[in-house]
1. Keeping to region 1-55, report how many residues are in contact with a helix residue (DSSP H, G or I) (Cβ under 8 Å, 6 or more places away or on another chain) and assigned to a loop (DSSP other than H, G, I, E, B).
2. Using beta carbons and a limit of 7 Å, which pairs, at least six apart or on different chains, have the first residue in region 1-16 and without any contact (Cβ under 8 Å) to a residue 24 or more places away in the chain and the second one surrounded by 10 or more Cβ atoms within 10 Å (Cβ to Cβ) and not β-branched (Val, Ile, Thr)?
3. Which ones in region 1-23 are crowded, with 17+ Cβ neighbours inside 10 Å and under 27 Å from Ile74 (Cα atoms)?
4. Keeping to region 24-53, report how many residues are of a type in the set (A, V, I, L, M), over 18 Å from Met73 (Cα atoms) and modelled with pLDDT of 90 or more.
5. Could you check, for region 39-60, whether at least one of its residues is in contact (Cβ under 8 Å) with a residue 40 or more places away in the chain and of a type in the set (Val, Ile, Thr)?
6. Consider only pairs whose beta carbons are under 6 Å apart and that are at least six residues apart or on different chains; among these, list those whose first residue lies in region 74-96 and is surrounded by 11 or more Cβ atoms within 10 Å (Cβ to Cβ) and whose second residue is not in a helix (DSSP H, G or I).
Amino acid sequence: MKRIGIAASKISEGNILLYNIFVLVLSTLFSLLVFFLSGFSIFLAIYLIHALLTGFTTFDFYSNWGDILKSCMIALAVMMGLFNICAISVNLKFKL
């Protein structure tokens, strides 16, 4: 989280308003990158579990596919949102 502040301070070159804008932009972009990479790995893991268990179980995976994936992605989005808020709150600076 501190590296976001370091990168934002190097980009903004001392301007506090630009620093805060770059903190918001960098933390949001990094959170989106992690969200998409983690979401793809969750999608791939669920699909591989389905492929492996198709012969062993009678669970109707295709009717429950959307619900399983939706609950996993909502949980991931909540976690990424919390981490993003923490990263922003640590790095924002206010001129006093």
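1. Looking only at that region, the number is 2.
2. Partner pairs satisfying both residue conditions: Ala7/Leu26; Ser9/Tyr19; Ile11/Phe22; Ser12/Leu18; Ser12/Tyr19; Ser12/Phe22.
3. Passing the criteria: Ile4, Phe22, Val23.
4. Final tally of qualifying residues: 3.
5. In the first step, residues of region 39-60 are kept if they are in contact (Cβ under 8 Å) with a residue 40 or more places away in the chain; the result is none.
There is no residue in region 39-60 that is in contact (Cβ under 8 Å) with a residue 40 or more places away in the chain and of a type in the set (Val, Ile, Thr).
6. Ala87/Met1; Val90/Met1
The values are calculated or read from the model by the stated rules, or taken from the named source; none is laboratory data. These numbers were taken from a predicted model, which means no experiment stands behind them. No Cβ is skipped: glycine too gets one built from the backbone with ideal geometry, and neighbour counts run over all protein chains shown.
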